[in-house]
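Everything below concerns the one structure shown next.
The values are calculated or read from the model by the stated rules, or taken from the named source; none is laboratory data. Source: prediction; values computed, not measured. Neighbour counts run over all protein chains shown; Cβ positions are idealised from the backbone, glycine included. To get the accessible areas, we keep the full protein, side chains included, count just its heavy atoms, and leave off ligands, DNA and RNA. Shrake-Rupley method; radii C 1.70, N 1.55, O 1.52, S 1.80 Å.
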Amino acid sequence: AEWCRRLYATLDRRMGTGFYLYDNGGYRPNPDAQALLHNGDNAPPDPEEYALRPVWLMLAEAARCVAEGVVAGWEDADVGANLGLVFPKSQGGMLAYRNRVGEETIRRQFEVWERRYGPRFCLEKNGS
């Protein structure tokens, strides 16, 4: 993603910059790096969000695979997630989890994350 390229372009302690600016034996936060990581409202993510985001990103990627014909359908995506990603059996598999949470709930949450964190959470742009 573009934000990631810009962030890494600013990260080099040898040049006196990175997440911190280094000078005269000290350091201070780099406002440019902080601006790239800023989530828009200065609020740290909710602990539940830390658990949901990676799982729901897997759901979005599975939806993309179904839409693009990479897999024949959700059942195949479910088998792949269960065997390849070791999707938690306690959740009944990816398909059961998706059905239980509900597609509309997932879509609304991605819209919130897109506003907060940027286009990497845009389902339509990413083909899901």
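Mind checking whether some residue in the range 94-102 is touching a residue at least 40 places away in the same chain (Cβ under 8 Å), surrounded by 14 or more Cβ atoms within 10 Å (Cβ to Cβ) and over 16 Å from residue 52 (Cα atoms)? No - not one qualifying residue is present in the range 94-102. The helices (runs of 4 or more DSSP H) located wholly in the range 55-118 that include 1 or more residues which are among the basic types (Lys, Arg) occupy 94-101, 103-117. Which of (1) over 23 Å from residue 45 (Cα atoms); (2) open to solvent by less than 60 Å² (accessible area, probe 1.4 Å); (3) of a type in the set (Ser, Thr, Tyr) does residue 117 not meet, given it meets every other one? The failed condition is (1). Within the range 72-90, the only residue that satisfies the criterion of being surrounded by 15 or more Cβ atoms within 10 Å (Cβ to Cβ) and at pLDDT below 85 is 87.
Of all residues in the range 58-71, which are open to solvent by 70 Å² or more (accessible area, probe 1.4 Å) and not charged (D, E, K, R)? Steps first, please.
As a first pass, look at the range 58-71 and keep what is open to solvent by 70 Å² or more (accessible area, probe 1.4 Å): 61, 67-68, 70.
If the condition is that a residue be open to solvent by 70 Å² or more (accessible area, probe 1.4 Å) and not charged (D, E, K, R), then 67, 70 are the ones that fit.
In the range 32-51, what residues are surrounded by 10 or more Cβ atoms within 10 Å (Cβ to Cβ) and modelled with pLDDT of 80 or more?
Across the range 32-51, the qualifying residues are 49, 50, 51.
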